[in-house]
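The values are calculated or read from the model by the stated rules, or taken from the named source; none is laboratory data. If you're wondering where the values come from, they're calculated on a predicted model, not measured in any experiment. FYI the Cβ positions are ideal-geometry reconstructions off the backbone, even for glycines, and counts take in every protein chain you see.
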Amino acid sequence: MSTVTLKVMPAGKTIEVAEGTNLLEALITVEPGLAARQASDKDGSASHVFVQEGRKGLSKTSREENELLDAIVGVGSKSRLAKYITVLGTENVTVELLGEFSGL
């Protein structure tokens, strides 16, 4: 099983992630506050991230994920919902956390 480097912005933290890992689970190890935010998530936006690099190293967008993204304000071409993403282990990935975890 291969591993890749996951870089989480804006904090610049990096971790090694194994192929087959759910992206949200990996992000929670970097930012534990995401777990509490997921518990109260009503519209799916709590796991909204921007994939800055390594998009091809992640699973394809599912129909359900696309439908939820369509309903979220502030979605762009790099938007994904971490809870629907599996790390494929083929290339390093950089994601940007949004909202209260963005550091802005």
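In segment 1-22, how many residues are crowded, with 17+ Cβ neighbours inside 10 Å and more than 13 Å from Thr86 (Cβ to Cβ)?
2
If I filter segment 40-55 for residues that are more than 15 Å from Lys83 (Cβ to Cβ) and assigned to a helix (DSSP H, G or I), do I get at least one hit?
yes
Here is a yes/no grid of residues against (1) modelled with pLDDT of 95 or more; (2) of a type in the set (A, V, I, L, M); (3) farther than 14 Å from Leu98 by Cα:
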{"residue": "Thr29", "(1), (2), (3)": "no, no, yes"}
{"residue": "Gly33", "(1), (2), (3)": "no, no, no"}
{"residue": "His48", "(1), (2), (3)": "no, no, no"}
{"residue": "Arg55", "(1), (2), (3)": "yes, no, yes"}
{"residue": "Ser59", "(1), (2), (3)": "yes, no, yes"}
{"residue": "Glu64", "(1), (2), (3)": "no, no, yes"}
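Just name the residue that is nearest to the chain's Cα centre (by Cα) out of those in segment 59-75 that are outside any helix (DSSP H, G or I) and over 25 Å from Gly20 (Cα atoms).
Restricting to residues being outside any helix (DSSP H, G or I) and over 25 Å from Gly20 (Cα atoms), the top hit is Val75.
If you take the residues of segment 45-78 that are of a type in the set (Ser, Thr, Tyr) and under 26 Å from Ser2 (Cβ atoms), which of them is surrounded by the fewest Cβ atoms within 10 Å (Cβ to Cβ)?
Out of the qualifying residues, it is Ser62.
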